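Okay, structure first, notes after.
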Amino acid sequence: MTVIVGYTPTPLGRQVLEAAIDEAARRDVDLVLVNSATGASYADKGLAPQDELDEAVAEAQTRGVRARVQQVTDALAPAQTLLDEAARAKADLIVIGLRSRSRTGKFLMGSTAQTVLLGAPCNVLAVRDTRG
């Protein structure tokens, strides 16, 4: 089976990746790092550079975890990208990050985390932003 991690190139994204590698190592399963466009702009800040994705895979491998990257550059909904990959991989677990947002922000922008939590075909581990 597999652990799926939703990865963005941010400090929270790195916390989420650490938790996902820990879970994959503990369960002795593969890790799929999903990096998806957010659909927000032409120069999408959600897409990680290839060298950063390579470093993430190398980090997982040094901890004994088989890892691969699924980068989706034309996605409009990151939550659906995660859910689709989880279904395809028959995932044991999806690991996502949570950040605080106002009620208005959630209403206007939707909630990727909420969509994943409610639509996941498996358990979801939500990692809170512990930086402050």
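The values are calculated or read from the model by the stated rules, or taken from the named source; none is laboratory data. Quick caveat, the model's predicted, so the values are computed rather than measured. Cβ coordinates were reconstructed from backbone atoms using ideal geometry, including for glycine residues, and neighbour counts include every protein chain displayed.
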* Might you let me know whether the stretch 49-72 holds any residue that is modelled with pLDDT under 95, surrounded by 16 or more Cβ atoms within 10 Å (Cβ to Cβ) and part of a loop (DSSP other than H, G, I, E, B)? => no
* Unmet requirement for M1, which otherwise passes all of (1) within 15 Å of D92 (Cβ to Cβ); (2) at pLDDT 95 or above; (3) hydrophobic (A, V, I, L, M, F, W, C) -> (2)
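What tally of residues in the stretch 111-130 results from selecting those that are outside any loop (DSSP other than H, G, I, E, B) and either within 14 Å of the chain's Cα centre (by Cα) or on the phi > 0 side of the Ramachandran plot (or both)? Explain how you work it out, then say what you get.
Applying the first criterion (outside any loop (DSSP other than H, G, I, E, B)) to the stretch 111-130 yields 112-119, 123-128.
Keeping just the survivors that are either within 14 Å of the chain's Cα centre (by Cα) or on the phi > 0 side of the Ramachandran plot (or both) gives 112-117, 123-128.
Of the residues in the stretch 111-130, 12 are outside any loop (DSSP other than H, G, I, E, B) and either within 14 Å of the chain's Cα centre (by Cα) or on the phi > 0 side of the Ramachandran plot (or both).
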* Asked: Would you call T104 modelled with pLDDT under 95, part of a helix (DSSP H, G or I), surrounded by fewer than 18 Cβ atoms within 10 Å (Cβ to Cβ) and not basic (K, R)?
  -> yes
* Asked: Which ones in the stretch 1-20 are surrounded by 24 or more Cβ atoms within 10 Å (Cβ to Cβ) and either among the small types (G, A, S) or over 9 Å from the mean Cα position of the chain (by Cα) (or both)?
  -> V3, G6, A20
* To do: Kindly indicate whether any position in the stretch 59-72 is under 20 Å from T115 (Cα atoms) and among the hydrophobic types (A, V, I, L, M, F, W, C).
  => yes
* To do: Name the one entry in Q61, Q71, Q50 that is of a type in the set (S, T, N, Q) and in contact with a helix residue (DSSP H, G or I) (Cβ under 8 Å, 6 or more places away or on another chain).
  => Q71
